[in-house]
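Derivation of every value follows stated rules applied to the coordinates shown; laboratory data play no part. Only a predicted model underlies this, so the values are computations on that prediction, with no experimental measurement involved. Because the Cβ atoms are built from the backbone with ideal geometry, glycine has one as well, and the counts that use them run over all protein chains shown.
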Amino acid sequence: MIPATMLTNALLVGAVLFCLGLVGILTRRNLIVMFLSAELMLQGVSVTLVAWSRYHGDWGGQVLVVFVLTVAACEAAVALVFVLQAFARTGRLDASAWQALREENLPRVIDHELPADDRVVPTWPHLSPAGVLPEGDDSRSLERDHV
Amino acid sequence: MDPVSTATAAPSGLLLAGSVAAIAASLWLLLPKASDTVASRRLGFLLGAVALVGFAATGRSLGCVGEDAVFLTVAGIAVISGLATIVTRSPVYSAIWFAMTLAGVSGVLLVLGAQFLGVATIVVYAGAILVMFLFVLMLAQPSGMAPYDRVSNEPMLAAAAGAVLLGLLTLSIGRLSAAEPPACCRMPSRAQAVAAAAVPADGAAAKDDESTTLIAPATAGGDTGDANEVAHLGAELFGRHLFAVEVAGVLLLVSLVGAIAVVSRGEATETDHRREGR
C-alpha cells in the first residue's frame, strides 16, 4: 500500500511518458523510432497500472503489467520482422515510403524542404594513454584515428 | 470539492497553462525539422527545463509532488530520457535513450514497491526487446543520416496536442488527489480482505497451509512493499490467472512461428532441393 501522494506522483510520471510517446508516434517518420515511441506509451501505462495496483493493494494491475510485457515482446518480434521486410522492399525506414497505400482522395506528402546536408564530422573521443607505456616504435602514434 | 482546493486551483491553473505552453514550444523546437539550427535547439532545451520545473511546481501546488528525493531522481531520469528518445535524430541514439528511460521507469516501479516488475522491465525490455531493436537498426541502417530522420510530420500540431493532453491528464489527476473518495467508493484492500477471511479459521491450521501463508499479508501496512512481494505476485499469477498465463505462452509461440514464417518466404532452399534430389 502506498500513500495517495505517491499515487499521484506516479500517475503524473505515467501521463508524461504517455504523452511523450504520443507526440513521438505522431511526428517521427522512422518506423523504428515510431515503434520505440509506442513502447514509451506502454511504459507510461505500466507505471500507471502499478501505481493503482499498489494503492489499492490489489495484484490485478501488476499481473496486467506482466502480460503487457509479454505482449510487447511478441509485438516487437512480429513488427520488427515487418519493418525489415519493408526495408528490404524500399531501402528506407520511412513511413512515408508507403503512401501509395493512402486513400484515393488524399494528397501525396511531398517533402518541400529537406534539411541541408549537414553531414556531421564525427568527433572521436581523445584517449589519453594510461598505465605503463608499452615498448614500441615511436613512429606510430598511440592515438587511434577512429574508434 | 472543498473551498480550500478551489482556492488553490486558480493560481495552479495559470501555472499549468504556462507549463503546457512551454512544453508545447520546447517539443516543437526540439523535434527534428528542416529549418533546425543549433540556437533553436538550445532554446528548446532551455524551454524544456523551464517546462519541467513548471510542471513539477504545478504538481506541487496540486498537492502531488512530494519531496521523495529518490522518486524525483528516477522520475526525472525517465522523463528527460523519454523526451530525448523522441527528439534525437539518430535512431540508434534514440534506442539508447529509451534504455535510459527503462532504467528510470524501473526505478519508479521499485520505489512504488513492485520489485518483480522493476527487475523484469530491465531484464525483458532492456535486455531482450531493446537488443532486438538495435539488431534491426544495424541490419536496416542506410549509410549516413537519412532525410526522414531529420524531418518530422506536423511537429507543431503534434506538440500542441501532446501538451494539451498532458495538461488535461494533470488536471484530472489533481482533481483526483483533491477529492478523497467517500468511504463507500473506497475499494477494500485485497490483503485486508484476505486477512479478514483468514482470521476466523483456526490459526494453527492456517499456518500449516502453505498457500494461505503465501497469500496472507506479512506486512500489510508497509509503505515500500513487503518482503514476499514476488511470492504474492506469483501466487496471484499462477492462481487466479493461470489460464491467461497459458494463453500468453501460446501467444509467444505463435508470434515466434509467425515471425519465422514471414521472414522465410516459402521459397525452397538449397537443402530442400538436395532433399528432393535424393
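With R₀ fixed at 30 Å, the C-beta to C-beta distance from B:S35 to B:R175 puts the FRET efficiency at about 0.15. Counts of other chain beta carbons within 10 angstrom of each beta carbon in peptide B:236-243 average 3.
Annotation for A:L106 and B:E154: the two label points, set 7 Å from Cα along the Cα-Cβ direction, are 1.0 nm apart. Determine the shape class of the range B:3-178: with a ≥ b ≥ c the square roots of the Cα gyration tensor eigenvalues, call it rounded for a/c under 1.5, and otherwise prolate if a/b is greater than b/c, oblate otherwise. Oblate, because a/c is 1.5 or more while a/b does not exceed b/c. Scan chain A and hand back the longest stretch that contains none of the trypsin sites (Lys or Arg not before Pro) lying in DSSP loops with at most 15 other Cβ atoms within 10 Å. In short, A:1-101.
Report the far tail of the P(r) of the range A:4-95, meaning the percent of Cα-Cα pairs longer than 23 Å.
That fraction is 35 percent.
Extension gain for B:V50 to B:A69 (0.36 nm times residue separation, less C-alpha to C-alpha distance): 4.9 nm. Computed from the C-beta positions of A:L127 and B:L253, the FRET efficiency with R₀ = 56 Å rounds to 0.75. Per residue of peptide B:24-32, the mean number of Cβ atoms on other chains within 10 Å of the residue Cβ is 2. Among A:D58, A:D111, A:D94, the largest mean-square fluctuation in a Gaussian network model of chain A, built with springs joining Cα atoms closer than 10 Å, belongs to A:D111. Inter-chain neighbour count for B:245-257: the average number of beta-carbon atoms from partner chains within 10 Å of each residue's beta-carbon is 3.
Placing pseudo-labels 7 Å out from each Cα toward the beta carbon at B:V92 and B:A227 gives an inter-label distance of 4.7 nm.
Near B:I129, once Lys and Arg are set to +1 and Asp and Glu to -1 for all other residues with Cβ below 11 Å from its Cβ, the sum equals -2. For the pair A:V71 and B:V164, label points projected 7 Å from Cα toward Cβ lie 2.8 nm apart. Comparing A:P115, A:P125, A:P107 in a Gaussian network model of chain A, where Cα atoms under 10 Å apart are tied by springs, the biggest mean-square fluctuation is seen for A:P125.
If I build a Gaussian network model for chain A, linking alpha-carbon pairs within less than 10 angstrom, which residue out of A:A77, A:A95, A:A86 has the largest mean-square fluctuation? Most flexible of the set in this elastic network: A:A77.
Between the residues B:A160, B:V131, B:V74, the greatest Cα displacement towards the positive end of the dipole of the range B:3-178, with unit charges on the Cβ of Lys, Arg, Asp and Glu, is found for B:A160.
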